[in-house]
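Student: The following block contains the structure, expressed as C-alpha cells.
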Amino acid sequence: MEYNAIGLIEYSSIARGIGSADAMVKAAEVELVLSRTICSGKYMNLVAGDVQAVKNSVATGEEFAAEAVIDSFIIPNVHPDVFPAMSGSTGVEALDALGIIESFSVASLIEGADAAAKAAEVKLIEIRLAMALGGKAFVTMTGAVGAVESAVAAGAEVVSRSGMLVNTVVVPSPRPELLRDIL
C-alpha cells in the first residue's frame, strides 16, 4: 500500500516508546512501519498513512510520552525513495558521485534524506537508523556530482535546523569497492 505521509517519534525511554506505539495505532488508521529500540538506549516509532491520520497518530504518541520525546516529525508527500532506502532495497549497483549526510538523530536524518531526494536528481542508497552507530544515523545517495552536491546541501540544511548535523561528504568519483563496503 502506498502512503503519502510518514511520521516518527524518537524517545529517550523504551517503555514509553512501546506504550506510545500502541496509543499511536489506536488513535488513527496508520501502519506502524517501525517500532524498535535504537542505540543508545532509545526507542522509535515510524507510522505511515494519509496526512491527517499521521498527524493524529503522532500527536497522540507525543502526548502519551511527552517527557520522553527527543524528536519527532511529520512529512507529507514523502519522497518515494525514502521507504526503500530505510529497508536497504534500493537496487543501486553502481555509483556516479556519492553523497553522505550524518546526523545525531534519526528524526532529523529522515527529514534531511527526504529533502535531499526532493532537491535534486539523486537516488537514495540507504538510510541507516542508529543501529550500532551510537545513536547516530546517516543517508547515502548517488547521482551526478552537481546533483549530489545540491541534494547534500539541501538535506544538511534541514538537519542543521535541529542542531543535529554531524557531517557531510561528497565523493565525486568513488571507487567501485566503496559501494560494496557501504551496503
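No value in this document is a laboratory result; all are computed from the given coordinates. Keep in mind the model is a prediction, meaning the values are calculated, not measured. Ideal geometry is used to build each Cβ from the backbone, glycine not excepted, and the neighbour counts take in all protein chains shown.
Student: Under a Cβ-only charge scheme (Lys and Arg +1, Asp and Glu -1), can you give me the dipole magnitude of the stretch 5-76 about the Cα centre, in debye to the nearest 20?
Tutor: Charge dipole of the stretch 5-76: 160 debye, to the nearest 20.
Student: Further question on the same structure: Would you mind counting up the charge near residue 27? Only other residues with Cβ under 14 Å from its Cβ, with Lys and Arg at +1 and Asp and Glu at -1.
Tutor: Net charge around residue 27: -4.
Student: Treating only the Cβ atoms of Lys and Arg (+1) and Asp and Glu (-1) as charged, compute the dipole magnitude of the stretch 82-182 about its Cα centre; round to the nearest 20 debye.
Tutor: Computed about the Cα centre, the dipole is about 180 debye.
Student: For residue 26, go through the lysines and keep the ones whose alpha-carbon is under 24 Å away, minus same-chain ones fewer than eight residues off.
Tutor: Qualifying lysines at Cα under 24 Å: 42, 55.
Student: Put a dot 7 Å past each Cα toward the Cβ at residue 15 and residue 175; how far apart are the dots in nm?
Tutor: So the label points at residue 175 and residue 15 sit 5.0 nm apart.
Student: Let me ask something else about it. Could you work out the mean projected area of the convex hull around the alpha carbons of the chain, in square nanometres to one decimal?
Tutor: Average projection, Cα convex hull of the chain: 9.4 nm².
Student: A follow-up question, please. Across bins of 5 angstrom width beginning at 0, how are the C-alpha pair distances of the stretch 5-76 distributed, in whole percent?
Tutor: 4, 23, 34, 24, 12, 3, 0
Student: Compute the long axis of helix 145-161 from its Cα atoms, compare it with the longest principal axis of the Cα atoms of the chain, and write down the angle in degrees, 0 to 90, nearest 10.
Tutor: Orientation of helix 145-161: about 30 degrees from the principal axis.
Student: Which whole-Hz couplings ³J(HN,Hα) result when phi for each residue of the stretch 29-36 is put into the Karplus expression 6.51 cos²θ - 1.76 cosθ + 1.60, θ = phi - 60°, listed in order with x for Gly and Pro?
Tutor: 7, 10, 9, 7, 6, 9, 8, 6
Student: Given the DSSP H assignment, sum -39500 (n - 2.57) over each helix run of at least 4 residues in the chain and divide by its residue total; what's the result at 222 nm in deg cm²/dmol, nearest 500?
Tutor: -12000 deg cm²/dmol
Student: Okay, next question. Can you give the charge dipole size of the chain about its Cα centre, rounded to the nearest 20 debye, using +1 on the beta carbon of Lys and Arg and -1 on the beta carbon of Asp and Glu?
Tutor: 340
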